[in-house]
1. Do we find a residue being assigned to a strand (DSSP E or B), touching a strand residue (DSSP E or B) at 6+ places or on another chain (Cβ under 9 Å) and touching a residue at least 40 places away in the same chain (Cβ under 8 Å) anywhere in the range A:49-65?
2. Kindly indicate whether any position in the range B:269-283 is over 17 Å from B:ILE159 (Cβ atoms), at the interface with chain A (Cβ under 7 Å from one of its Cβ atoms) and crowded, with 21+ Cβ neighbours inside 10 Å.
3. Could you name every one of the helices (runs of 4 or more DSSP H) located completely within the range A:274-332 that has at least 3 residues being touching a helix residue (DSSP H, G or I) at 6+ places or on another chain (Cβ under 6 Å) and of a type outside the set (Val, Ile, Thr)?
4. May I ask you to verify whether A:GLY326 is away from chain B (no Cβ under 14 Å), open to solvent by less than 10 Å² (accessible area, probe 1.4 Å) and over 18 Å from the mean Cα position of the chain (by Cα)?
5. Kindly establish whether A:VAL174 is farther than 15 Å from A:GLY191 by Cβ, free of Cβ contacts under 8 Å to residues at least 40 places away in the same chain and buried (at least 23 other Cβ atoms within 10 Å of the Cβ).
6. From the set of residues in the range B:177-195 that are among the aliphatic types (A, V, I, L, M) and in a helix (DSSP H, G or I), which is most open to solvent (accessible area, probe 1.4 Å)?
7. Considering only the range A:183-192, I want to know if a residue exists there that is on the phi > 0 side of the Ramachandran plot and away from chain B (no Cβ under 14 Å).
8. For the range A:196-208, enumerate the residues that are under 20 Å from A:ALA146 (Cα atoms) and open to solvent by 20 Å² or more (accessible area, probe 1.4 Å).
There are 2 protein chains.
Amino acid sequence: MPQLPETMRAIVAVKPGAPEVLELRTRPLPVPGPGEILVKVEAAGVNRPDVLQRLGRYQPPPGASDVIGLEIAGEVVALGPNAARHALGARVAALVPGGGYAEYCLAHESNALPIPAGLSAVEAAAIPETYFTVWTNVFERGALKAGETLLVHGGGSGIGTTAIQLAKAFGAHVVTTVGSDEKAKECVRLGADLAINYRTEDFVTATLAATGGRGADVILDMVGGDYVARNHAAAALDARIVQIAFLRGQKVEIDLHVVMAKRLWQTGSTLRPRTVAEKASIAEALRAKVWPLLAEGRCKPIVDSRFPLAEAAEAHRRMENSAHVGKIVLTI
Amino acid sequence: MPQLPETMRAIVAVKPGAPEVLELRTRPLPVPGPGEILVKVEAAGVNRPDVLQRLGRYQPPPGASDVIGLEIAGEVVALGPNAARHALGARVAALVPGGGYAEYCLAHESNALPIPAGLSAVEAAAIPETYFTVWTNVFERGALKAGETLLVHGGGSGIGTTAIQLAKAFGAHVVTTVGSDEKAKECVRLGADLAINYRTEDFVTATLAATGGRGADVILDMVGGDYVARNHAAAALDARIVQIAFLRGQKVEIDLHVVMAKRLWQTGSTLRPRTVAEKASIAEALRAKVWPLLAEGRCKPIVDSRFPLAEAAEAHRRMENSAHVGKIVLTI
């Protein structure tokens, strides 16, 4: 194991604002605490909450690094007290509460999993945030079952491409919405049974038509605003509508008559503020149920583009333009 | 078995309107179809949906009688083809899709249960609608567990008095809201740990204080309107908020950030449009889990008042004044 440096380069938002507020700064190397590992980052995923954090609209949880970044892949280079799950030199993908856009990053050993066989560090860094999110929201909270229909909005996003592949791998039908015909084609290539261009078609009508009038059993939504009432209109009896963000509005109107008549479950969750133990439980489920699929190539992270760490601002611009299909990844 | 008459007296709303539109009319005796029983009604419960139906705001489901009334108790006097669950002469309490305010009423045999030992027909008629509703919404949909806290609005109503007793019998803590200090006393007498007079106290603050800041795990709400956002404020992490009516408004605003941060489940259901088989499944659970409690006197239907069938209008006036604690029952 080479001698570790005392400092590292890391990306921070020097003030809330446009992508150019992201600057490369020198920081002391973090020191792993009990159960933690220090990872030499090879690649870090870019996520929508990173953009919100840059804008000053999403504070890191107490104790988390102010360095942006929620997922990494790389090599374990130091172990904290009692960290015994991953050996020094092991290559892992980890969900982290912050600090990902950096040369080194701490992770709790229970929130890190081995890089699946056959995947590059860039692909592995594109896994944690979307796979943890999709697993806990679609399969645990939404309890999607084989034969049911999933409606996932933002089919071209990291969340969307992951949800499409996992839902198909577990035997569900998948309807998705996208913003262009190109993205629609890509989603169908990934397995979606129907990809609706929301700019030219009403997703409620299309979803009902695709399900013989029954509607979707699980809906994964990051749009919010008027989509919530439309999700309810597109939902089947006893459907679970799971909110993971609200790009188009936080305060929304719902019709209690529809909720009662269809016996809907409007729910939602956030990943980042959960305890290490809760994230570890999701990690265990992923290791058991999803890692084998990744190793067999039955699903894979879709990488849209990669940018060097120093060009994090450019990566954010690409995310904000919503032109991407799959994940945007920083390489270190 | 005495000869059955060819006609009977029954209450119908001759047009939508105030209580006086309820009139006694003569109707042909209904004939039981496959799996149905004919019950000589001794008592019929009065429910909030009866008032809505009288006002023309709640149409009976297709095929249901236009005679008002959703629950009855009395003697089985005729059996339809294949009806074998209850003997002629047996005394039953039944949930019916309509037709309850009458001398005779049809019920599906699977939606009828024996009158629990020691209860009068009046008490038995006060059971089905509230016990089916509370069981399916609080214990099945809401999955209330021992040690958790139930917040039930309208503690003085038939639903409220039933929910308080059942939740306590199954080991939960109970917080309830009522419109007067007299009703508060009555609810505490029935077992509620805290009864909040909503006219003088904010139920959100009081519920949070009563749970050490944690909030309620299950909320049973028939108020709607601004109560929905307030329910979310009073809810614990992972709470289930179950809507069964919306006396104060059907279209309501919710805050997706709260839903996600607390991982809430906003749901709801209606009882009347469900299939006979779904109601039979609730009946089976009640027979197994709740009938023994009724027979032991560990819970009992609370009867507010009784009115002769011909005075159904008076019974509706009492319900609309909301002065009652427990059920209003018609006697035949």
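The values are calculated or read from the model by the stated rules, or taken from the named source; none is laboratory data. Everything numeric here is computed off the predicted structure, so don't read it as measured data. Here the Cβ is made from the backbone with ideal geometry for all residues, glycine too, and neighbour counts use every protein chain on show. Accessible surface areas use protein heavy atoms only, side chains included; no ligands, DNA or RNA. Shrake-Rupley method; radii C 1.70, N 1.55, O 1.52, S 1.80 Å.
1. As a first pass, look at the range A:49-65 and keep what is assigned to a strand (DSSP E or B): none.
No, the conditions are met nowhere in the range A:49-65.
2. Within the range B:269-283 (the criterion being over 17 Å from B:ILE159 (Cβ atoms), at the interface with chain A (Cβ under 7 Å from one of its Cβ atoms) and crowded, with 21+ Cβ neighbours inside 10 Å), the answer is no, since none of the residues qualifies.
3. Details: elements: A:276-289, A:291-295, A:312-321.
Where helices (runs of 4 or more DSSP H) fall fully within the range A:274-332 and carry at least 3 residues being touching a helix residue (DSSP H, G or I) at 6+ places or on another chain (Cβ under 6 Å) and of a type outside the set (Val, Ile, Thr), they are A:276-289, A:312-321.
4. Values: away from chain B (no Cβ under 14 Å): yes; open to solvent by less than 10 Å² (accessible area, probe 1.4 Å): yes; over 18 Å from the mean Cα position of the chain (by Cα): no.
When the stated conditions are applied, A:GLY326 does not pass them.
5. Details: farther than 15 Å from A:GLY191 by Cβ: no; free of Cβ contacts under 8 Å to residues at least 40 places away in the same chain: yes; buried (at least 23 other Cβ atoms within 10 Å of the Cβ): yes.
So A:VAL174 fails the test.
6. Pass one, the range B:177-195, residues among the aliphatic types (A, V, I, L, M): B:178, B:184, B:188, B:190, B:192, B:194-195.
Now restrict to residues that are in a helix (DSSP H, G or I): B:184, B:188.
Working: B:ALA184: 14, B:VAL188: 77 Å².
Filtering first and then ranking leaves B:VAL188.
7. Yes; the residues of the range A:183-192 include at least one that is on the phi > 0 side of the Ramachandran plot and away from chain B (no Cβ under 14 Å).
8. If the condition is that a residue be under 20 Å from A:ALA146 (Cα atoms) and open to solvent by 20 Å² or more (accessible area, probe 1.4 Å), then A:LEU208 is the only one that fits.
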